[in-house]
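Asker: Before I ask anything, here is the structure I am working with.
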Amino acid sequence: MRSLLALLLVAVPPVETQAPLYSYENAIRETAWVELDVDLDRDGHRDRLAADIIRPSEPAAGGVKVPVLMDISPYYACCGRGNEAQKKTYDAEGRPAGFPLYYDNHFVPKGYAVVLVDMAGTNRSTGCMDRGGPKDVAAGAQVVNWLNGRARAYTKPFGGEQVSAGWSTGAVGLWGKSHDGWLANGIATTGVRGLRTVVSIAGNTDIYRTFNANGAWRGYVQDSGPPQLYNERAERLCQPLQEELNRQAGTDGSWNRYWQERYYPAKADSVRASVFLTQGFGDYAVPASNFSLWWEALRVPRKAWLFQGGHVDPFDLSRADYVSTVERWFDRWLRGADNGVDREPAVKIEHAPDQWSEEATWPAPSARPVTWWPRPGGLGPAPVREPAQASFQDDPDLSRFDWAKEGPSEHRLLFTSEPLTSATRLSGTSRVTVRVRSSTPVARLGVAVVDYGPATIRDYVDIAKPGGIRNLTTRSCWGQSGPADSACYLDTETATTSVEHEIVATGWADLGHHATLRRGVPLESDRFYTMTFELSPMDHIVQEGHRLGLVIGGTDWWEFLEPGQRPRLTVDLTRTSLTLPTAR
């Protein structure tokens, strides 16, 4: 029996990139409500996800099937997608008219179907969200099943006629940014047949680290998104489930079953699809640890774009190169095109604004752990020999950005090295061990690694320039346009800023969780406690003449709620160290 891949190669010959063949304006636009196996909104009906579809009419007329690009998102009605916050639009009969982002404009004329799915309880879907848990993941996999003829869908959210996806080859590629990328990663862990590849842009894989930090709860709303995500019906019906999920997650920062169910790296062995990841090391919305843990766990063909910016789509960093790369990636895994994209260097990385290089893997293969020790007056390559302690008063009105400023402060400790005699690349995940005594039963620790020296960087901290980009007034077009959907998007440019220092890695912890993340304990004021934890992953070059800095603080107001008491913290320098992944 001929394989499905062989059949696909007959239908669509492998090419370097597929030239536009079909009309976007004449494409078929329709909606199917895919039925799930659950009734999370408890209305007596199985939940259904609304899948808005656009596919070329010419292959359909000839009975030729097409591969599918799919995104499942909670943002199509409330908040929009992309740099211009595009939302779905519909015509007077309720048929989909406007599809956010460029994928439909660019790929439908090249013979792909694009399917945009509303997450449960959002826009036109019924049901409730499971916050990236097993039921959300199963719901997304059910849409892939329908595209492969293994599930049912209907013409309406309730009742209606059954419809099939007979126009689909069954080869599905998932993509999405942020929450969408989170779901794409999760669906991949099901190993669902037909899912060939995932393109995840700043997608969560471990939301424990997004909402907590080594036992410290960040105080964020656990459902990861604004309250208007739900449609009006779900806002009412899903309240009981949301309250139950809040209870399961807890607010004490402890690791439990809720977080374990949503920890995708533990399920990476079930992934069968290839994976293309993009991540900014300065992303505060989705910490870069979500990338590094997933990347290290995957055992499938993989590719990554890494950059020195924030929560931004690479479409707005290096547009032509990224669109070309994504197209070749989809062609390779959904059409079987032997275009070499899977044999190229796996990683493209930005070391400085708009300065990119290609590398075989990440972290740098030559990176080795190098340990530094704080001491009175500095940071050195050898431990302190004589007993030494240093104290500071926690001030929850300050953040790591305040702590990193040089000069005397009673509210943090700062240790800096001598100027480096050569440029040094830090590539990977660093680790800190801190031995601390607290004057109160509850205490938090904040740690930062700082590069002290002048530099020009992407302005990813400024919320007015998210991710380190700036919108221009000109537009460029990526595919064909229609009356209700333009293929033209605002051009962007790199937004930079000059700094005298840059925070390159961070980490936080609740000292009461020093023994285990599963349970915190009250601290005794006469005891020192030792806690070791990882900092955020990085790939950063510290230039010759710059100094390395280790900052130890308490409660970071950017990240955590103010504690009930403000502790005084005393650090035992003889038992405190910083280990950095240092490349030759």
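The values are calculated or read from the model by the stated rules, or taken from the named source; none is laboratory data. Predicted, not measured: the structure shown is a model, and the values here were computed from it. Ideal geometry is used to build each Cβ from the backbone, glycine not excepted, and the neighbour counts take in all protein chains shown. Note: areas computed on protein heavy atoms with side chains; ligands, DNA, RNA excluded. Shrake-Rupley method; radii C 1.70, N 1.55, O 1.52, S 1.80 Å.
Asker: To the nearest 0.05, how large is the calculated FRET efficiency for TYR263 and ALA423 if R₀ is 45 Å and r is the Cβ-Cβ distance?
Answerer: For R0 = 45 Å, the calculated efficiency reads 0.80.
Asker: Could you provide, to the nearest whole Å², the per residue accessible area of the chain with probe 1.4 Å?
Answerer: Result: 39 Å² of accessible area for each residue.
Asker: Farthest toward the dipole's positive end in the stretch 381-427, which of SER409, PRO383, LEU398, given Cβ charges of +1 (Lys, Arg) and -1 (Asp, Glu) about the Cα centre?
Answerer: So the residue we want is PRO383.
Asker: Give, as a single signed number, the net charge of other residues whose beta carbon lies under 14 Å from the beta carbon of ARG150, with Lys and Arg counted +1 and Asp and Glu -1.
Answerer: 0
Asker: I'd like the carbon and sulfur percentage of the solvent accessible area for the stretch 352-415, probe radius 1.4 Å, heavy atoms only, ligands and nucleic acids excluded.
Answerer: The nonpolar share, carbon plus sulfur, comes to 52 percent.
Asker: A follow-up question, please. Excluding residues on the same chain fewer than 8 positions from LYS87, give the aspartates and glutamates whose Cα lies under 13 Å from its Cα.
Answerer: Within the straight-line cut-off, LYS87 pairs with ASP52, ASP118, ASP485.
Asker: Could you tell me the calculated FRET efficiency between LYS405 and ARG385, based on Cβ-Cβ distance and R0 = 25 angstrom, to the nearest 0.05?
Answerer: 0.25
Asker: Now, a different point. Kindly flag which residue pairs out of LYS88/LYS465; LYS177/LYS267; LYS110/LYS465; LYS303/LYS405; LYS177/LYS405; LYS348/LYS465 have an alpha-carbon separation exceeding 30 Å in this structure.
Answerer: In this structure, LYS110/LYS465; LYS303/LYS405; LYS177/LYS405 exceed 30 Å between Cα atoms.
Asker: Based on Cα coordinates alone, diagonalise the gyration tensor for the stretch 364-416, multiply each eigenvalue by 5, take square roots, and list the semi-axes in whole Å, largest first.
Answerer: 25, 18, 9
Asker: May I pose another question? Using a 1.4 Å probe on the protein chains only, how many percent of the accessible area of the stretch 469-584 belongs to carbon and sulfur?
Answerer: 47
Asker: Right, here's the next one. Contour minus end-to-end for LEU490 and TYR90, with contour as 0.36 nm per residue of separation and end-to-end as the Cα-Cα distance?
Answerer: Full extension of this stretch gives 141.7 nm more.
Asker: I would also like to ask the following. What longest range of the chain stays clear of loop-exposed GluC sites (Glu not before Pro) (DSSP non-H/G/I/E/B, at most 10 other C-beta within 10 angstrom)?
Answerer: Segment 162-409 is the longest.
Asker: Just the C-alpha atoms of the stretch 25-85: what Rg/Rh do they give, with Rh taken as the Kirkwood radius?
Answerer: 1.07
Asker: A further question follows. If you count the DSSP beta bridges with both ends in the chain, what percent of them are antiparallel, to the nearest 5?
Answerer: 75
Asker: If you count the DSSP beta bridges with both ends in the stretch 279-369, what percent of them are antiparallel, to the nearest 5?
Answerer: Here the antiparallel bridges make up roughly 50 percent for the stretch 279-369.
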